[in-house]
Amino acid sequence: MEGPGGEGTPVPSVGIVLGSGLGALAGAIEVIGTLDYAEIPDFPVSTVEGHRGRFIYGRLGGKHVLAMEGRVHYYEGYPIGEVVLPVRAMCGLGIGTLVVSNAAGGLSPLFEAEDIMVIGDHINLIPNPLVGRNDPELGVRFPDMSEPYDRELIALAHGVAAEQGLLLREGVYVGGTGPSFETPAEVRYLRTIGGDAVGMSTTPEVIVARHQGVRVLGFSLITNVLTGRPACLGGVAKLTHDEVIEVGRRSTAALSALVGEVVARMP
Ligand code: HPA
């Protein structure tokens, strides 16, 4: 198989989804070529401010990578099959590992804004993208989900973070539909069911990657904390998308440095 740059270019070994405000990693990629989603027939294009829409093919840490700068979300109104189409395409091109990132609200009382969390497991509250006819060429009807996020890669991330002097949290990511942020009662509910952070993406993409046998490593940038806010006690603390984007921008450098090094050392 040849890479997305045409004949003679290698197949990317790693696919990367650059989520909200995590653009700095794009700058670390030695770009070979880019392709706007808008140029691909029938491809979903994000309508959200702060989300670009293009593939970047290039080199990172000595590996050929294919990065999605921007993704579409279920809350934008796309059917779930279209939301996961870009990840399906990367898996089809032959990536062996998918690195996903997102912005999330902290549910764990230990978390603070600007923390970085490696995703240890998830709870999917977005429609499952595998509902419907199964294509056995892609994967089995009932895929195993006992280790959605690769333990070896998580251990590698912890090791690199320790070397970089970066506090790396680990926890359970809850993928919700959004687009409204959580009510105080929903925050208590999500914490009770086992969530450490909540966002509006990622879990469907991880499900299709695992369906296709691709290893996954995921990171959440905690842009805001939901517990301990006055809102939890029925108070008035408000959360805006601007706040999420701004904190995302501030922590993007640390997460990018971590992911860049982890990719370089991936087996
Ligand atoms: N809730 C859901 N999604 C989010 C949040 C949040 O508090 N912060 C960033 N993405």
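From (1) at positive phi; (2) open to solvent by less than 40 Å² (accessible area, probe 1.4 Å), pick out the condition that doesn't hold for HIS73.
(1)
Give the residues of the range 146-164 that are closer than 21 Å to ILE207 by Cβ, open to solvent by 70 Å² or more (accessible area, probe 1.4 Å) and touching a residue at least 24 places away in the same chain (Cβ under 8 Å), sorted by residue number. It would help to see each step written out before you state the result.
Going residue by residue through the range 146-164, those that are closer than 21 Å to ILE207 by Cβ are 146-154, 157.
Next, from what is left, pick out any that are open to solvent by 70 Å² or more (accessible area, probe 1.4 Å): 146-147, 151-152.
Answer for the range 146-164, where residues must be closer than 21 Å to ILE207 by Cβ, open to solvent by 70 Å² or more (accessible area, probe 1.4 Å) and touching a residue at least 24 places away in the same chain (Cβ under 8 Å): just GLU152.
Identify the residue in the range 1-38 that is modelled with pLDDT under 90 and among the acidic types (Asp, Glu) and, among all such residues, is nearest to LEU255 (Cα to Cα).
GLU2
Could you give me the residue pairs with C-beta distances under 8 Å whose first residue belongs to the range 104-125 and is of a type in the set (Ser, Thr, Tyr), whose second residue is within 11 Å of the ligand (Cβ to nearest atom) and open to solvent by 20 Å² or more (accessible area, probe 1.4 Å) wherever it lies, and which are 6+ apart or on separate chains?
Listed pairs, sorted by first residue: SER108/THR227.
Could you grab me the full set of residues in the range 168-189 that are open to solvent by 50 Å² or more (accessible area, probe 1.4 Å) and of a type in the set (Gly, Ala, Ser)?
Hits for the range 168-189 are SER180, ALA185.
Show the residue pairs that are 6+ apart or on different chains and have beta-carbon atoms under 6 Å apart, the first residue being within the range 12-37 and surrounded by fewer than 18 Cβ atoms within 10 Å (Cβ to Cβ), the second being of a type in the set (Lys, Arg).
SER13/LYS63; GLU30/ARG59; THR34/ARG54; ASP36/ARG54
Here are some conditions: (1) in a strand (DSSP E or B); (2) under 29 Å from GLU137 (Cα atoms); (3) out of contact with any helix residue (DSSP H, G or I) (no Cβ under 8 Å at 6 or more places or on another chain). GLU82 meets all but one. Which one does it not meet?
(1)
The values are calculated or read from the model by the stated rules, or taken from the named source; none is laboratory data. The shown structure was predicted, so the numbers you read here are calculated from the model rather than taken from an experiment. Reconstructed Cβ throughout: ideal geometry from the backbone, glycine too, with neighbour counts over all protein chains shown. Remember, those area values only see protein heavy atoms, side chains included, never the ligands or the DNA or RNA. Shrake-Rupley method; radii C 1.70, N 1.55, O 1.52, S 1.80 Å.
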